[in-house]
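Working notes for the structure below.
The values are calculated or read from the model by the stated rules, or taken from the named source; none is laboratory data. All figures in this text were calculated on a predicted structure; none of them were measured in a lab. Here Cβ is always computed from backbone atoms with ideal geometry, including for glycine, and neighbour counts include all displayed protein chains. Surface areas here come from the heavy atoms of the whole protein model, side chains and all, with no ligands, DNA or RNA. Shrake-Rupley method; radii C 1.70, N 1.55, O 1.52, S 1.80 Å.
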Amino acid sequence: MELEVRHLRALCAIADTGSLHQAARQLGVAQPSLSTQLRRIEQELGGALFRRERTGCRPTPLGRLVLSRARPLVTEMRSLVAEARAAAVGGPQLRVGSTASRALPGWLRRLRAQGQEPTLRMDVSPNALLRMVAEGQLDVVFVHEVEGCPLRIPEGLRLRVLVDREPQFLSLPADHPATAKPVVDLADLAHDRWMIDPTVDGEWDAVQRMFRTAGLNPRVLHGDYHTAAALVATGEVVTVCQPSCLPRPDMAVRRLRGDPLGVRLLLAARTETNLDGVRPALEEAYWEAARQAPAYREWLEETVPATH
């Protein structure tokens, strides 16, 4: 068997996810097929590349050697394909990735006004987006880092901090008794059902720490935040939200006393040029969205009255 780029891509996926099952999902193949492919690669190279442990797959010394050579090749191939496709449609595009943010529409609008033509890739996982930048699939990403849960920053990436600590607020039904106050105590929500998205890197861990610190053990449902918003509106749950979230007739946004949850907002790219080219537009868009959100605007006026 002759090794091909797809084989190297499979090895990188196994190493990145630490799991044959997760790597197969990432690659869009069946796990038995990936296991067979891995055995053939190992036979071709003359030794085991991964140790199958109870906690997942870990590279062997031979595996680490192969991966050190495979990763640059996979990255270069992805860059080659991306550049060729961009040239085929008439020029380079700015490939933007982001976790959810109300700043996105204003950011993209400003980039287009500057003559750039951004494409957008959304993902709930900041770590996944950072890997895509490192591998040449994206040019720049806007991500959040949950406090107490550091992101895995790939080697070689350049970072800019947009906001060092953004407090996380609360979304709750408009007729919830706690909405009578602009700042909500966690104890007032001890008997509510919460909904948290466990696929957001670090989010569930941070919320659990918040509950433990407050001495609470509320009922928790797991689901994505689009579902959570719908359930908040019908009075089923309360949930964490970004401070720039806008209230609606059926949904209120309130601050949590003491700001127990926070995130750091980051821009990441492989070059300083890419960062410098997009940061001013993102800053303008972010603070525009912040000023439009009543609860966040009030928090900013109280906390940082001389800023923005």
Considering region 170-190 alone, what residues qualify as being out of contact with any Leu (no Cβ under 8 Å at 6 or more places or on another chain) and over 22 Å from GLU302 (Cβ atoms)? PRO173, ALA174, ASP175, HIS176, PRO177
Consider only pairs whose beta carbons are under 8 Å apart and that are at least six residues apart or on different chains; among these, list those whose first residue lies in region 150-175 and is closer than 25 Å to GLU284 by Cα and in contact (Cβ under 8 Å) with a residue 24 or more places away in the chain and whose second residue is open to solvent by 40 Å² or more (accessible area, probe 1.4 Å) and in a strand (DSSP E or B). VAL161/ARG264; VAL163/ARG264; ASP164/ARG264; ARG165/ARG264; GLU166/ARG264; PHE169/ARG254; LEU170/ARG254
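Each row is one residue, and each column tells you yes or no for (1) exposed (fewer than 13 other Cβ atoms within 10 Å of the Cβ); (2) out of contact with any strand residue (DSSP E or B) (no Cβ under 8 Å at 6 or more places or on another chain); (3) closer than 30 Å to PRO118 by Cβ; (4) touching a residue at least 60 places away in the same chain (Cβ under 8 Å).
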position	(1), (2), (3), (4)
LEU11	no, yes, no, no
ARG25	no, yes, yes, no
LEU38	no, no, no, no
GLU53	yes, yes, no, no
PRO59	no, no, no, no
ARG69	yes, yes, no, no
PRO72	yes, yes, yes, no
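Kindly provide the set of residues from region 112-130 that are outside any loop (DSSP other than H, G, I, E, B) and either buried (at least 21 other Cβ atoms within 10 Å of the Cβ) or at positive phi (or both), ordered by number.
Here is the first cut: in region 112-130, the ones outside any loop (DSSP other than H, G, I, E, B) are 112-113, 118-122, 126-130.
Hits for region 112-130 are PRO126, LEU129, LEU130.
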Filter pass, PRO243 being within 30 Å of GLN114 (Cβ to Cβ), open to solvent by less than 60 Å² (accessible area, probe 1.4 Å) and not in a helix (DSSP H, G or I): yes
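Assess whether GLU283 counts as being at pLDDT 95 or above and in contact with a Gly (Cβ under 6 Å, 6 or more places away or on another chain).
Details: at pLDDT 95 or above: yes; in contact with a Gly (Cβ under 6 Å, 6 or more places away or on another chain): no.
In short, no.
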